[in-house]
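Novice: Would you mind keeping the following structure in view while I ask a few things?
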Amino acid sequence: MALLEVDDLTVNYYTEEGVVTAVEDLSFRIDRGEKFGVVGESGAGKSVTALSLLRLVERSGRIESGEIRFKGEDLLSMSESAVRDVRGNEIAMIFQDAQTALNPVYTVGEQIAETIRHHLDYGDAAARERTVRLLDDVGIPEPEARYDDYPHEFSGGMQQRAVIAMALSCDPDLLIADEPTTALDVTIEAKILDRLDRLAAEYDTAIQLITHDLGVIAEVCDRVLVMYAGRAVERASVEELYYDPKHPYTVGLMSAIPRIGDRQDRLQTIPGTMPDLVEVPSGCSFHPRCPFAEEACTRTRPQLVDPATGERAGPDERSAACLAYTGDLDGELDYEVEVRGRDAGAATAESEPPEPDGGGVDRGADPDADSEGKADE
Amino acid sequence: MSLRRFVAIRVASTIPILFGVSVFTFALVHLTPGDPIDQLVALNPQISAAEEAAIRARYGLDGPVWQQYLTWMSNLLRGDFGTVIAVDQPVGPYIMARLPETVALGLFGWAIALLIAIPTGIYAAVNKDTLGDDLSRVFALSGISLPNFWLGLMLILVFALWLDLWPVLAPDKPLLSPAMLWYLILPGVTIGTASSATLMRVMRSSMAEELNKEYVTAARAKGLPERTVVLKHVLRNSLISVTTIAAFLTAGIFAGAVVVEQVFAWPGLGRAFVQAIIGREVDLIMAITLFTGVTIILANLLADIVYAVLDPRIRYD
């Protein structure tokens with residue numbers, strides 16, 4: 001049994017412009033200790049998914065259907081107080097902007113310690129001691145003295161570390177990190193990610209890492225879910241995704257990453273913007289931006305299928321939601337995946353058998369893949 | 001140390017304000033026709049013109065206005081607030097005798113305002129756009145709209161006359177006796193209602209704004225009970241703007257006391273103030289006005305200190 005099982009999750013927001021489906025039919029699995037990435041542009045439904053896992057979607061939103069099972073228990077049918085026992089204790093969240101996630105009028109130490117006192121029934125002194133140790137663990141110098149500092153006395157990087165310490169405070173089984181490093185500069189980002197990675201191993205915590213940054217995913221994750229306009233469009237291990245992306249949107253995201261040695265002087269982008277979720281395009285919601293779109297794409301909504309067989313895929317199997325794999329398109333997805341400026345073989349989805357994990361690519365050549373060569377499904 | 005300096009600077013900066021208030025009030029009183037001697041003469045027609053002039057001279061009312069002001073000011077600086085002419089009593093003791101009554105009424109009204117405003121404000125913010133929130137809005141609107149004198153009279157009518165729960169007139173007992181404290185409730189409610197309406201709206205909007213902030217979601221994500229989230233995390237942040245309004249309301253409460261003390265025949269400064277105006281008692285009007293000014297300034301100073309206690313980001317150095 002996976003640690004977290006999400007099945008057919010649909011979340012609607014009731015706004016003045018109409019009903020917005022922020023997440024639709026989303027299914028995924030996270031195993032114990034696994035590092036699972038969720039990637040997509042802003043508005044793809046990543047954060048809503050995260051909040052749903054804690055049952056914290058705002059008042060205008062509603063979890064319409066689906067199941068979220070954590071350690072086999074259905075979070076959605078639990079009582080409010082039972083869910084509160086899970087929050088912060090078994091599933092903890094790291095927020096994107098540490099500065100706004102910390103309450104300005106209480107000390108950093110108190111904000112960490114109160115969680116410990118609440119969930120673990122620690123006394124004041126014991127909670128303080130544990131907090132100081134956590135602050136030390138996340139790399140805050142002089143944690144004993146810093147305990148009594150207010151958030152505004154911390155730098156941005158230290159605030160983010162404090163928020164990570166807060167999330168780790170009760171030794172959770174699942175850590176949801178919502179863009180944990182987006183607000184930070186790159187050098188601090190690398191340090192924080194590295195620390196997060198190490199702590200997750202140390203505390204034996206699974207991570208759901210939400211980001212729009214594929215580079216961050218490559219650094220940390222084992223498996224990835226790509227979301228677009230509230231739906232999963234591709235699910236794969238990190239290696240498969242990077243060397244052999246199957247969905248045109250993933251391919252677009254990849255080519256939008258600037259690489260050293262690129263000869264283009266303009267940044268590649270995916271044309272257009274993500275659709276307004278009030279009026280999602282018919283059929284495949286990516287079709288207006290997709291270079292391979294055909295008439296069929298405007299009519300039929302693609303399901304997540306195994307790209308090799310075209311069969312409906314299970315919630316933890318490699319899959320992509322594109323009509324190209326169900327034989328509904330006349331043409332082929334014709335793109336090239338380029339790794340380190342070298343042609344890594346064209347992936348024409350229908351004609352060639354998919355390569356299991358990036359096949360002929362010289363993996364040693366890519367430092368990202370090098371550090372993450374562990375989990376394939 | 002730095003806080004002490006801040007307080008010292010603030011207190012010092014009130015001196016020009018108080019000076020301005022004193023000049024303005026003095027001028028206003030003298031722009032109004034008549035003085036206490038006129039009233040004395042009107043009541044005692046047998047007083048001759050020579051006697052009248054002598055009395056005026058005795059109270060220093062015969063010189064030009066600027067001279068009178070200078071005399072008043074120099075006496076003030078020597079700690080002499082002047083005389084209440086009608087009863088021939090020094091102003092200082094006259095005020096001190098009535099001050100506790102007004103302070104008691106003011107604090108009571110203020111406490112009632114806070115006691116009504118903060119819980120209802122929290123309730124309305126947490127249950128935004130529900131029936132309870134709408135009802136609180138109706139209450140706030142009526143609280144702001146109802147004049148104090150009318151509300152006071154209605155409370156007397158209903159609770160003192162019809163239900164016979166309260167005495168109609170203030171009993172003649174020491175201030176800190178159960179009978180007097182019981183009597184304080186109706187005037188206290190009258191003063192508190194108007195202030196509580198304003199305070200409650202501020203409490204509600206400030207809390208509703210805070211509730212949308214991310215630290216609230218973060219606190220919930222920690223698994224804290226909603227009670228702790230609201231009463232610990234959100235409340236303290238919301239109280240910052242409430243403090244500002246609560247300080248402003250000191251002025252409103254004193255103004256309310258003037259009317260309410262009349263309506264409830266409460267022997268405090270507010271009633272003395274009305275009588276002083278009717279009797280053109282310059283010294284008494286000046287003293288009460290300055291006293292009120294000092295109180296309001298001190299209340300705002302207190303608010304500045306409370307900010308620093310509530311919000312660690314505010315430091316006065």
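Novice: Quick one: would you say A:Glu73 is acidic (Asp, Glu), away from chain B (no Cβ under 13 Å) and closer than 23 Å to A:Asp276 by Cβ?
Specialist: So A:Glu73 does not fit the description; no.
Novice: Determine whether region B:135-151 contains at least one residue that is among the β-branched types (Val, Ile, Thr), in contact with a helix residue (DSSP H, G or I) (Cβ under 8 Å, 6 or more places away or on another chain) and open to solvent by less than 40 Å² (accessible area, probe 1.4 Å).
Specialist: Looking for residues that are among the β-branched types (Val, Ile, Thr), in contact with a helix residue (DSSP H, G or I) (Cβ under 8 Å, 6 or more places away or on another chain) and open to solvent by less than 40 Å² (accessible area, probe 1.4 Å), one finds none in region B:135-151, hence no.
Novice: What is the number of the single condition among (1) at pLDDT 85 or above; (2) away from chain A (no Cβ under 14 Å); (3) within 25 Å of the chain's Cα centre (by Cα) that B:Ser238 does not meet?
Specialist: The number of the failed condition is (2).
Novice: All but one of (1) away from chain B (no Cβ under 13 Å); (2) closer than 23 Å to A:Ser27 by Cβ; (3) not aromatic (Phe, Trp, Tyr) hold for A:Arg87, so report the exception by its number.
Specialist: Exception for A:Arg87: condition (1).
Novice: Here's a follow-up. Assess whether A:Glu179 counts as being surrounded by 16 or more Cβ atoms within 10 Å (Cβ to Cβ), acidic (Asp, Glu) and on the phi > 0 side of the Ramachandran plot.
Specialist: Values: surrounded by 16 or more Cβ atoms within 10 Å (Cβ to Cβ): yes; acidic (Asp, Glu): yes; on the phi > 0 side of the Ramachandran plot: yes.
So A:Glu179 passes the test.
Novice: State whether the residues of region A:130-143 include one that is on the phi > 0 side of the Ramachandran plot and touching a residue at least 24 places away in the same chain (Cβ under 8 Å). Working first, answer last.
Specialist: Step one: list which residues in region A:130-143 are on the phi > 0 side of the Ramachandran plot, which gives A:139, A:142.
Keeping just the survivors that are touching a residue at least 24 places away in the same chain (Cβ under 8 Å) gives A:139.
Checking region A:130-143: at least one residue is on the phi > 0 side of the Ramachandran plot and touching a residue at least 24 places away in the same chain (Cβ under 8 Å).
Novice: Among the strands (runs of 3 or more DSSP E) contained in region A:157-276, which hold 1 or more residues that are closer than 30 Å to A:Asp137 by Cα and β-branched (Val, Ile, Thr)?
Specialist: In region A:157-276, A:174-178, A:206-211, A:223-228 are the strands (runs of 3 or more DSSP E) which contain 1 or more residues that are closer than 30 Å to A:Asp137 by Cα and β-branched (Val, Ile, Thr).
Novice: Scan region A:299-318 residue by residue and report those that are open to solvent by 50 Å² or more (accessible area, probe 1.4 Å), β-branched (Val, Ile, Thr) and either under 21 Å from the mean Cα position of the chain (by Cα) or within 19 Å of A:Glu24 (Cβ to Cβ) (or both). Break it down stepwise before answering.
Specialist: Taking region A:299-318 and keeping what is open to solvent by 50 Å² or more (accessible area, probe 1.4 Å), we get A:299-301, A:303, A:308-309, A:311-312, A:316-317.
Next, only the ones that are β-branched (Val, Ile, Thr) stay: A:300, A:309.
Answer for region A:299-318, where residues must be open to solvent by 50 Å² or more (accessible area, probe 1.4 Å), β-branched (Val, Ile, Thr) and either under 21 Å from the mean Cα position of the chain (by Cα) or within 19 Å of A:Glu24 (Cβ to Cβ) (or both): just A:Thr300.
Novice: Quick one: B:Thr130 ticks every box in (1) within 20 Å of the chain's Cα centre (by Cα); (2) loosely packed, with under 14 Cβ neighbours inside 10 Å; (3) of a type in the set (S, T, N, Q) bar one, so which box is it?
Specialist: All conditions pass for B:Thr130, except number (1).
Novice: Going by the structure shown, is A:Gln111 under 24 Å from B:Asp311 (Cβ atoms) and open to solvent by 60 Å² or more (accessible area, probe 1.4 Å)? Don't jump to the end; show me each part of the working.
Specialist: Numbers: under 24 Å from B:Asp311 (Cβ atoms): yes; open to solvent by 60 Å² or more (accessible area, probe 1.4 Å): no.
Judged against the criteria, A:Gln111 is not a match.
Novice: I'm trying to understand the selection: among the residues of region A:90-136, which are outside any helix (DSSP H, G or I), of a type in the set (D, E, K, R) and facing chain B (nearest Cβ under 8 Å)?
Specialist: Passing the criteria: only A:Asp97.
Novice: Hey, B:Leu224 hits all of (1) hydrophobic (A, V, I, L, M, F, W, C); (2) more than 30 Å from A:Ile94 (Cα to Cα); (3) free of Cβ contacts under 8 Å to residues at least 12 places away in the same chain but one; which does it fall short on?
Specialist: (2)
Novice: Return the pair list, or none, for Cβ contacts closer than 7 Å from residues in region B:80-100 that are open to solvent by 80 Å² or more (accessible area, probe 1.4 Å) to residues that are not in a strand (DSSP E or B), at least 6 apart or on different chains.
Specialist: Once the first residue is open to solvent by 80 Å² or more (accessible area, probe 1.4 Å) and sits in region B:80-100, its partners that are not in a strand (DSSP E or B) give B:Phe81/B:Val91; B:Phe81/B:Gly92; B:Phe81/B:Asp283; B:Phe81/B:Ala287; B:Ala86/B:Pro36; B:Ala86/B:Gly279; B:Ala86/B:Glu281.
Listed here are the residues, each with its yes/no results for (1) assigned to a helix (DSSP H, G or I); (2) on the phi > 0 side of the Ramachandran plot; (3) not assigned by TED's automatic domain parsing to the domain that holds B:Glu226.
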{"position": "B:Ala57", "(1), (2), (3)": "yes, no, yes"}
{"position": "B:Leu61", "(1), (2), (3)": "no, no, yes"}
{"position": "B:Met73", "(1), (2), (3)": "yes, no, yes"}
{"position": "B:Ala111", "(1), (2), (3)": "yes, no, no"}
{"position": "B:Ile122", "(1), (2), (3)": "yes, no, no"}
{"position": "B:Asp133", "(1), (2), (3)": "yes, no, no"}
{"position": "B:Phe139", "(1), (2), (3)": "yes, no, no"}
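Novice: Is it the case that some residue within region B:202-215 is within 28 Å of B:Ala104 (Cβ to Cβ), touching a Gly at 6+ places or on another chain (Cβ under 9 Å) and modelled with pLDDT of 90 or more? Break it down into steps so the answer makes sense when it comes.
Specialist: Narrowing region B:202-215 to residues within 28 Å of B:Ala104 (Cβ to Cβ): B:202-203.
The next check asks that each one be touching a Gly at 6+ places or on another chain (Cβ under 9 Å); those that pass are B:202-203.
Those still in the list that are modelled with pLDDT of 90 or more too: B:202-203.
Yes; the residues of region B:202-215 include at least one that is within 28 Å of B:Ala104 (Cβ to Cβ), touching a Gly at 6+ places or on another chain (Cβ under 9 Å) and modelled with pLDDT of 90 or more.
Novice: Continuing with the same structure: When only residues in region B:284-299 that are open to solvent by 40 Å² or more (accessible area, probe 1.4 Å) and in contact (Cβ under 8 Å) with a residue 12 or more places away in the chain count, which is farthest from the other protein chains (Cβ to nearest Cβ)?
Specialist: B:Phe291
Novice: Same structure again: Just checking, does region A:144-164 include any residue being of a type in the set (Asp, Glu), open to solvent by less than 60 Å² (accessible area, probe 1.4 Å) and within 13 Å of chain B (Cβ to nearest Cβ)?
Specialist: yes
Novice: Given the structure, is B:Glu210 within 14 Å of chain A (Cβ to nearest Cβ) and over 13 Å from the mean Cα position of the chain (by Cα)?
Specialist: Yes.
Novice: Would you point out which residue out of A:Arg84, A:Arg62, A:Arg55 is assigned to a loop (DSSP other than H, G, I, E, B), farther than 25 Å from A:Met158 by Cα and open to solvent by 50 Å² or more (accessible area, probe 1.4 Å)?
Specialist: Values: A:Arg84 fails: assigned to a loop (DSSP other than H, G, I, E, B); A:Arg62 fails: assigned to a loop (DSSP other than H, G, I, E, B).
After ruling out the rest, the residue left standing is A:Arg55.
Novice: With the requirement that a residue be more than 13 Å from every other protein chain (Cβ to nearest Cβ) and either modelled with pLDDT under 90 or over 30 Å from A:Gln160 (Cβ atoms) (or both), what does region A:48-70 give you?
Specialist: Answer for region A:48-70, where residues must be more than 13 Å from every other protein chain (Cβ to nearest Cβ) and either modelled with pLDDT under 90 or over 30 Å from A:Gln160 (Cβ atoms) (or both): A:Arg62, A:Glu64, A:Ser65, A:Gly66, A:Glu67, A:Arg69.
The values are calculated or read from the model by the stated rules, or taken from the named source; none is laboratory data. None of the values given here were measured: they were computed from a predicted structure. All Cβ positions, even for glycine, are placed from backbone atoms using ideal geometry, and neighbour counts span all protein chains on display. Accessible surface is based on the protein model in full, side chains and every heavy atom, while ligands, DNA and RNA are left aside. Shrake-Rupley method; radii C 1.70, N 1.55, O 1.52, S 1.80 Å.
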